[in-house]
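The values are calculated or read from the model by the stated rules, or taken from the named source; none is laboratory data. Note that the structure is predicted; figures quoted are calculated from it, not measured. Positions of Cβ are backbone-derived with ideal geometry, glycine not excepted, and every protein chain shown enters the neighbour counts. The area values use the complete protein model at the heavy-atom level, side chains included, leaving out ligands, DNA and RNA. Shrake-Rupley method; radii C 1.70, N 1.55, O 1.52, S 1.80 Å.
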Amino acid sequence: MAAIIAACAAMALQVAHAQPAASWPTRPITLIMGFPAGSGVDVVARSIQEPLSQSLGQPIIIDYKSGAAGNIASEYVARAKADGYTLAFGTAATHGSNAALYKKLTFDVEADFVPVSPVLDVSNVLMVNPDIVPATTLKEFVALIKANPGKYNFASTGNGTGTHMAFAEFNARLGLTMTHVPYKGGPEALTSVVRGETCCVMSQVQTALPHYKAGKVRLLGVTTAKPVAAIPEVPTIASSGVPGAQGFDSSIWFGVFAPAGTDPAIVDKLNAAIAAVVQQPDIRSRFESQGNTLRIETPAQFKQTVHNNRIKWAEVIKAASIQLN
């Protein structure tokens, strides 16, 4: 009799857990954004906001908590209730390199989150102001920087962000000495290059394109292993022939995370919805025209991606001797 009662209790508990997951979502979902409005990360999140709302049948609200390379937003979500209604829109920086950069984080980028789904891989490109840097090829750029160690400043979208890490890896591998100037977000960093306040930035292709098409900047090389369809005329850094550049691949990803403890059924449901949304022809076309590539993975596969990414950036950060408090 005791065994029967225990079995019934276990079954009742399973049903109780299954019911919320089956009905989820029944109210608006908040997506916490750790970067400013108008940044490359925000542009991608906004691209899927409405179609994902339609798919799930509930509004998706983007709540901005920018600052500290996304750590403010990450901490907020790590402490949020694990019910599927508070999510983080993270990056290879917020859930990868930040773990090695910041020694005093109050959360763990792996243990305190459930990787739900990646959205896409983002290509970066070396964007320069031709009035500050007269180089027309990557070889010329490297020669100029090496001949003037410490003279040139490069911009980033903030300490520890993907644009910072891409340039840090680039400088470490090629033996370049430059001064890092962090900005509060993508718009400010790109504007600094256009105005000549800094010489260059490893910008996301999607945010560099308007300035490039307007003839205000020059693009010297993409950070991906393969050329980017949106700018096929721009070679890869890896193919430049510059010593240290062979095999260079510093693309980053964006994805959605939930607090640890979130019901796997909710995670799976959200993963399927995101994968379906990003593969809609108009959204896929928009992302690819901006220089991005879809990344479709299960929660388990994305978890492995996050783990591998954390290890990779820890090695880059150690090699570049970077540490932030």
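In the full protein assembly as shown, how much of R173 is accessible to a 1.4 Å probe, in Å² to the nearest 10?
90 Å²
Can you tell me, using C-alpha contacts under 8 Å and at least 6 residues apart, the relative contact order of the chain as a whole percent?
27 percent
When ranked by the protection proxy of mean other Cβ atoms within 10 Å per residue, highest first, what sequence do the peptides 302-312, 266-276 form?
266-276, 302-312
In the chain, what percentage of the DSSP-assigned beta bridges are antiparallel, given to the nearest 5?
60 percent
Averaged per residue, what accessible surface does region 135-190 expose to a 1.4 Å probe, in Å²?
38 Å²
Any idea how far apart Q279 and K213 come out in nm if each label point goes 7 Å out from Cα toward Cβ?
2.9 nm
Calculate, for E233 and A22, the FRET efficiency according to 1/(1 + (r/R0)^6) with r their C-beta to C-beta distance and R0 51 Å; round to the nearest 0.05. Please list the in-between numbers first.
Numbers: r = 51 Å, r/R0 = 1.00.
Efficiency, from the Cβ-Cβ distance: 0.50.
Can you find, among T207, P243, V116, the residue sitting farthest towards the positive end of the charge dipole of the chain, where Lys and Arg contribute +1 and Asp and Glu -1 at Cβ?
Checked the options; the winner is P243.
Counting other Cβ atoms within 10 Å, which trypsin sites (Lys or Arg not before Pro) in region 180-229 have at most 15 and lie in a DSSP loop?
When the trypsin sites (Lys or Arg not before Pro) of region 180-229 are filtered for loop state and at most 15 Cβ neighbours within 10 Å, K184 remain.
Let's test the formula: R0 of 30 Å, r as the Cβ-Cβ distance of A82 and R195. What FRET efficiency results, to the nearest 0.05?
0.10
Too long at a 28 Å Cα-Cα cut-off: which of K213/K318; K213/K303; K65/K216; K103/K303; K65/K103?
In this structure, K213/K318; K213/K303; K65/K216 lie more than 28 Å apart at Cα.
I want to check the label-to-label distance for R286 and T137. Put each point 7 Å from Cα in the C-beta direction and report it in nm to one decimal.
Label at R286, label at T137, 3.9 nm between them.
Taking region 109-189, which GluC sites (Glu not before Pro) meet the DSSP loop condition and have no more than 16 other C-beta atoms within 10 Å?
The qualifying sites are E110.
Which residues among region 242-258 fall inside the zone where the amide N is under 14 Å from a point 7 Å beyond the Cα of N308, along Cα→Cβ?
Once the point is set 7 Å along Cα→Cβ of N308, 249-253 turn out to lie under 14 Å by backbone N, inside region 242-258.
In nm, to one decimal, how far is the K318 label point from the D108 one, both placed 7 Å along Cα→Cβ?
With each label point 7 Å from Cα toward Cβ, the separation is 1.9 nm.
Within region 220-325, which GluC sites (Glu not before Pro) sit in a loop by DSSP and count at most 14 neighbouring Cβ atoms inside 10 Å?
Filter output for region 220-325: E233.
Of all the accessible heavy-atom surface of the chain, with the other protein chains kept in place and a 1.4 Å probe, what percent is carbon and sulfur?
Carbon plus sulfur share of accessible area: 55 percent.
Using the Cα centre as the reference, give the magnitude of the dipole from point charges on the C-beta atoms of the chain (Lys, Arg: +1; Asp, Glu: -1; all else neutral), rounded to the nearest 20 debye.
Result for the chain is approximately 520 debye, rounded to the nearest 20.
Please work out the FRET efficiency for the pair E50 and A147, using the Cβ-Cβ distance as r and a Förster radius of 41 Å; give the result to the nearest 0.05.
0.25
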